[in-house]
Amino acid sequence: GAVVSQHPSWVICKSGTSVKIECRSLDFQATTMFWYRQFPKQSLMLMATSNEGSKATYEQGVEKDKFLINHASLTLSTLTVTSAHPEDSSFYICSAGTATYEQYFGPGTRLTVT
Amino acid sequence: GEDVEQSLFLSVREGDSSVINCTYTDSSSTYLYWYKQEPGAGLQLLTYIFSNMDMKQDQRLTVLLNKKDKHLSLRIADTQTGDSAIYFCAEAYTGGFKTIFGAGTRLFVKA
């Protein structure tokens, strides 16, 4: 149980285009989902916290107009990187949970912007 | 502020024990975690400990918590080559889901 999936697992897009990443909790309902960004050989940086049916809470320094988060249901959250640039290339990981100690991570999405 | 620190590398021989250390600064942390990340993959929760506990053992894994020194350690007994990965220490506190991660310790296991 407690499986979180992400789609796609990797994506290459051209500079200036937008790309959407999906995060799904497959066998449980997640009241809260988190989006992280991980640069090579670095730790995870929390980008935003999203609660179902409400606006996401973004961490300081994260542009909410660039990284659009939608949490339309208890099993699905999406992150859209708008007008992507090469510096947005990174590994994006989502997590979902119902309690702090029950946070489950997706396998990650590797985004490459050319 | 919140900060979690770990040493970056650890190398051990197969069969030996590995000890990965972590220090944190937020004394209000309620939950402390150890996650494992293999190359190109997401994070796998290995174990967690509540702040009112000193020790937790789960098969080959032993977690020790020293609240006074804000020090957390993960001991892996009989380390195997399959244990080679990056291990992240993380802290969180009641009242918020925000989880703060350390930079990760890269464990190399030599056959």
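Is there a residue being more than 13 Å from the chain's Cα centre (by Cα), among the aliphatic types (A, V, I, L, M) and either modelled with pLDDT under 95 or over 25 Å from B:GLN37 (Cα atoms) (or both) anywhere in the range A:39-54? Taking every residue of the range A:39-54 in turn, none turns out to be more than 13 Å from the chain's Cα centre (by Cα), among the aliphatic types (A, V, I, L, M) and either modelled with pLDDT under 95 or over 25 Å from B:GLN37 (Cα atoms) (or both). Inside the range A:27-53, residues that are farther than 26 Å from B:ALA85 by Cα and open to solvent by 20 Å² or more (accessible area, probe 1.4 Å) make up a count of 8. Scanning the range B:40-64 for residues that are touching a residue at least 24 places away in the same chain (Cβ under 8 Å) and of a type outside the set (Val, Ile, Thr) gives B:LEU43, B:LEU46, B:LEU61. Of all residues assigned to the range A:88-111, none qualifies as being loosely packed, with under 13 Cβ neighbours inside 10 Å and of a type in the set (Ser, Thr, Tyr). The set of residues from the range B:94-104 being open to solvent by less than 70 Å² (accessible area, probe 1.4 Å) and either over 19 Å from B:GLN44 (Cβ atoms) or at pLDDT 95 or above (or both) comprises B:GLY96, B:LYS98. Pairs meeting the criteria (first residue in the range A:1-15 and under 10 Å from A:TYR104 (Cβ atoms), second residue part of a strand (DSSP E or B), beta carbons under 6 Å, at least 6 apart or on different chains) are A:ALA2/A:TYR104; A:VAL4/A:SER25; A:VAL4/A:ALA96; A:VAL4/A:TYR104.
Quick check on my filter: what residues within the range A:27-47 are free of Cβ contacts under 8 Å to residues at least 40 places away in the same chain and facing chain B (nearest Cβ under 9 Å)? Correct list: A:LYS41, A:GLN42, A:SER43, A:MET45, A:LEU46. Taken over the range B:39-64, the criterion of being more than 12 Å from chain A (Cβ to nearest Cβ) and on the phi > 0 side of the Ramachandran plot is satisfied by B:GLN59 alone.
Considering only the range B:75-85, how many residues are open to solvent by 30 Å² or more (accessible area, probe 1.4 Å) and either in contact with a helix residue (DSSP H, G or I) (Cβ under 6 Å, 6 or more places away or on another chain) or not in a loop (DSSP other than H, G, I, E, B) (or both)? Number of matching residues: 3. Listed by position, the strands (runs of 3 or more DSSP E) enclosed by the range B:1-74 that each have at least 2 residues that are surrounded by 13 or more Cβ atoms within 10 Å (Cβ to Cβ) are B:4-6, B:9-13, B:18-24, B:31-37, B:43-50, B:61-66.
Just one of the listed residues (B:LYS36, B:LYS110, B:LYS67) is free of Cβ contacts under 8 Å to residues at least 60 places away in the same chain, touching a strand residue (DSSP E or B) at 6+ places or on another chain (Cβ under 6 Å) and more than 9 Å from chain A (Cβ to nearest Cβ), and it is B:LYS36.
The values are calculated or read from the model by the stated rules, or taken from the named source; none is laboratory data. Remember, predicted model here, so these are calculated numbers, not experimental data. Counting neighbours? That spans all protein chains shown, and the Cβs are built from the backbone with ideal geometry, glycine included. When the accessible area is computed, the model is the full protein with side chains, heavy atoms only, and any ligands, DNA or RNA have been set aside. Shrake-Rupley method; radii C 1.70, N 1.55, O 1.52, S 1.80 Å.
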